[in-house]
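What follows is a short report on a single structure.
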Amino acid sequence: MRKSLRPITFRRVVEAAFCVEDEHELSYQQFQDIFALSANRSKEILREMARMGLISQEDDHYVRTETTGQFVQAVRDDDWLSVHDLMMGYPYYAAFYRGVKNSGPIELHDLQDLISDEEFNFNETALSVISDWTLRIGSLQRNVFNNHYYDVDGTGESFTKVLLNAYDDLNLSGSGNLKQRYVEIPKIREYVCEQLKISRKKFDTTFVDLYGNNIGRWELAGAPITTHAKKSSTKIKSLVFSQMLDRVSIELTSDRYLQGIEYGRKQYYYLAIHTRDVL
């Protein structure tokens, strides 16, 4: 029989890991009381955490392991690469990540049959849960305009060349294919990141450096982000971690607003390229 994933949000994974790390040993009942959960849900979460290798089961108790400590410290340090490395020990996460890395950019419905096998069943729930984890951790990204998932390990292609090509492809008004000159930076970012397989943060830092060398050749325009930001049909997911005294706070944000670029303490939303001769 194929195994099925017990759906757990990444917020709960982190909270449970911190709880076991602090208590060293935890029963179903204790966990149930701490998080105000039902008995069945408490068991589901702790069993799946053990399956992930983040905690260890001993009879009806769960105890911290070296991996628990490593995971908790990585989250505290915002070391998401280490979090990803630890999560690769979880077969569902590893199969999903490798499936996207080997076949991406790819949409989820095209990935499902590629990674489901006789051992693991990737139904819609499993795909939704694990894809959310990878986006929160940052090991994968999704182009919000075409829903393509891809890894962010880079391709080695020229940033300038890919950006210029993306600008040309998007520089159409849709009315008789007329040039519109000003192109939305968020759209350029999404397609460049997908082709180069880089993070949005990497795009922004590289873009700012390139623009600084080409002022006059390139032109930024637009009012502040709060005025010009456009809503997307899908969201960019992220995670913010903080800890105050004994309270762990995990904020999972899903921003509908695709941001422009910041340069010289000003926010810009549009790009116009006047010459392809780039310094």
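The values are calculated or read from the model by the stated rules, or taken from the named source; none is laboratory data. What you see is a predicted model, and the numbers here were worked out from it, not measured in a lab. With ideal geometry, Cβ positions are generated from the backbone for all residues, glycine too; neighbour counts draw on all protein chains shown. The protein model used for the area step is the full one, side chains on, heavy atoms only, and it has no ligands, DNA or RNA in it. Shrake-Rupley method; radii C 1.70, N 1.55, O 1.52, S 1.80 Å.
If you take the charge dipole of region 10-145 about its Cα centre, with +1 on Lys and Arg Cβ and -1 on Asp and Glu Cβ, which of 10, 57, 38 is farthest toward its positive end?
10
Report residue 81's accessible area, 1.4 Å probe, all protein chains in place, as a number in Å² to the nearest 10.
Counting only protein heavy atoms, residue 81 exposes about 120 Å² to solvent.
Return the long-range amide H neighbours of residue 107 (sequence gap of 5 or more, or a different chain), with a cut-off of under 5 Å between placed amide H atoms.
149
Which of the pairs 3/101; 161/202; 3/197; 101/161; 161/266; 197/266 have their Cα atoms more than 20 Å apart in this structure? Let's see the in-between values first.
Numbers: 3/101 23 Å; 161/202 16 Å; 3/197 31 Å; 101/161 23 Å; 161/266 26 Å; 197/266 27 Å.
Among 3/101; 161/202; 3/197; 101/161; 161/266; 197/266, the Cα-Cα distance tops 20 Å for 3/101; 3/197; 101/161; 161/266; 197/266.
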